[in-house]
């Protein structure tokens, strides 16, 4: 006979009976609220009771007040919306935090502004030392062209300079950086990458795509100390908390980054729970130490092995089955083919790791699904929860295969709003099958909300508006057939993200026994103009029963 746990017993009782089951009283009660629980058995409530880091009651004001004592703090929420804490199922918080600490922020609107920022940094940097920039976006600058080595040589001839595109798959370097890396006009393209030349002269222009960026990056010394790594985590977790994010997946964790999350938690600075996807180059060290998917606690946990198939959507290197608009001979880039990904994944699969593969284009997604099918033939696992990171351009056949394999797709959630202008090279028809949240939901596939920050902004309100309206910041609509409701978007942003990390039983909805991770919103996203959802203020964020952010 199956053992009937206390949690099972409690969960089987009606709400009014629950109160007598708990001897403990609440430390905190939030009442007079409009609570969107994301629990299908109890979708709404007026009040919530919290003891320690867990929820002990969800229901009416009167019922929940029965859990109070003379020591209970009570907060009248005044009719405001409470939702589960938002889960960003694919981001890069560790690296982004360090970039914010030290690199030049190139999220500027002209090449001249970027050049000025690099020049100002060069005045403070000893000659010969590297200058790094991040969050550059060619489509956001008024010149509407790529920054090049001539631009960078003009302002920093005595420092090697590298600027990373916001998408993370392209770098722009000056002539000194090329010289240090030994790259000249005769240097061949590396596998899975491209050293770009001027189309007229054949000269190097400083633009490096995909694996070609490694040719330069390997010469940049890592001067970040362990304290710097921790400081970066503190900085970024504060930023995420202010936006209502209570859990985040770091989609490419190194051993040092893993340590930085643990250091930040141990010092009381971590304000977001972290699910750490381990990159291929760190896998053996982590796996050989006895750690694998699920190792850790509710704050810092080992997640999937992260692998890469094709290129980037925002930088137009994703591998497509049909050419890019206006570029009849260009289909994108495959970084690792089917056999290569399989060889990278098989050891992890046999050791019961979750496997996640970056695949944007329909060709990349097809390759990735073939790998998952091969892995299951080698060892049939009951609940592997394979993930496709980004999973951007799909079709009906791919959706059906994703459903059959029970794969979790993790598409960009803020891209339609923030990066709409980049989609012109994909065409309106293809946009109906990009960031295809509705197609996945209609098929019963647990799609998640992700930012991929820095490539996309991480604000959940922007993501929800983007999914609900499919409209960019200029007012242009992209792929309207993929619009979803606010309620659906909220599910995608919470419980589905928890499912992607095997944590749907402890977070992602507001239910008795789950972690007290929640957000108080300044307005109801269901009742305002959908084009103003992005402006809804985050009034408070709670992680584990403690306020991590208060406006």
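What follows is calculated from the coordinates using simple rules that are stated; it is not laboratory data. What you see is a predicted model; the values in this text were computed from it and never measured. Cβ: placed from backbone, ideal geometry, glycine included. Neighbour counts: every protein chain shown.
If the segment from residue 124 to residue 473 were pulled out straight at 0.36 nm per residue, it would be longer than the present Cα-Cα gap by 122.0 nm. Remark: relative contact order (the chain) = 16 percent; criterion is Cα-Cα distance under 8 angstrom and separation of 6 or more residues. By how many degrees, 0 to 90 and rounded to 10, does the Cα axis of helix 460-469 deviate from the longest principal axis of the chain? Rounded to the nearest ten degrees, it is 80.
Which FRET efficiency value, to the nearest 0.05, do you get for residue 222 and residue 382 by plugging their Cβ-Cβ distance into 1/(1 + (r/R0)^6) with R0 = 41 Å?
On the way: r = 40 Å, r/R0 = 0.98.
According to the calculation, E is roughly 0.55.
In the chain, the longest principal axis of the Cα atoms and the axis of helix 111-124 are about 90 degrees apart. The separation of the range 444-474 from the range 329-344, counted between C-alpha centres, amounts to 27 Å. Exposure proxy for 200, 315, 322: other Cβ atoms within 10 Å of each Cβ, ordered fewest to most, give 200, 322, 315. Across the range 200-330, the relative contact order, built from alpha-carbon pairs under 8 Å that are at least six residues apart, equals 19 percent. Kindly express, to the nearest 10 degrees and within the range 0 to 90, the angle between helix 226-242's C-alpha long axis and the longest C-alpha principal axis of the chain. Between the helix axis and the principal axis of the chain, the angle is about 60 degrees. Taking square-rooted eigenvalues a ≥ b ≥ c of the alpha carbon gyration tensor, is the range 148-198 rounded, prolate or oblate, where a/c under 1.5 means rounded and, failing that, a/b exceeding b/c means prolate? Note, shape of the range 148-198 comes out oblate. Stokes-Einstein, applied to the Kirkwood radius of the chain over Cα pairs at a viscosity of 0.692 mPa s and 37 °C, places its translational diffusion at 135 µm² s⁻¹.
Once both labels are positioned 7 Å from their Cα atoms along Cα-to-Cβ, the gap between residue 42 and residue 421 label points is 4.9 nm.
Grab the beta carbon distance between residue 442 and residue 524, set R0 = 22 Å, and tell me the FRET efficiency rounded to 0.05.
The calculated FRET efficiency here is 0.30.
Could you tell me the calculated FRET efficiency between residue 142 and residue 69, based on Cβ-Cβ distance and R0 = 41 angstrom, to the nearest 0.05? The value I calculate is 0.10.
With neighbour counts taken as other beta-carbon atoms within 10 Å, the residues 199, 509, 413 rank, fewest first, as 199, 509, 413. Each DSSP beta bridge with both residues in the chain is either parallel or antiparallel, and the antiparallel ones are about 50%.
Of all alpha-carbon pairs in the range 41-145, indicate the percentage at a distance above 19 angstrom.
Details: 3599 of 5460 pairs.
I get 66 percent for the Cα pairs in the range 41-145 exceeding 19 Å.
Kindly identify the range 446-503 as rounded, prolate or oblate by the Cα gyration tensor criterion: order the square roots of the eigenvalues as a ≥ b ≥ c, call it rounded if a/c is under 1.5, otherwise compare a/b with b/c, prolate if a/b is larger, else oblate. Because a/c hits 1.5 or more and a/b fails to exceed b/c, the range 446-503 counts as oblate.
Computed over the range 48-89, the range of Cα coordinates on each principal axis works out to 39, 24, 16 Å, biggest value leading.
Along the Cα-to-Cβ line of residue 322, 7 Å from the Cα, sits a label point; which residues in the range 422-450 have backbone N less than 17 Å from it? The answer is 423-436, whose backbone nitrogens lie closer than 17 Å to the label point.
For the range 94-217, the square roots a ≥ b ≥ c of the C-alpha gyration tensor eigenvalues yield an a/c under 1.5, which makes the shape rounded. Among 145, 540, 387, the ranking by other beta carbons within 10 Å of each residue's beta carbon, starting with the fewest, stands as 145, 540, 387. Dividing the summed -39500 (n - 2.57) terms of all DSSP H runs of n ≥ 4 by the residue count of the chain sets its mean residue ellipticity at 222 nm at -8500 deg cm²/dmol. Please list, by residue number, everything in the range 187-225 whose backbone N is under 17 Å from a paramagnetic label point 7 Å out along Cα→Cβ of residue 153. Under cut-off, by backbone N: 187, 196-208.
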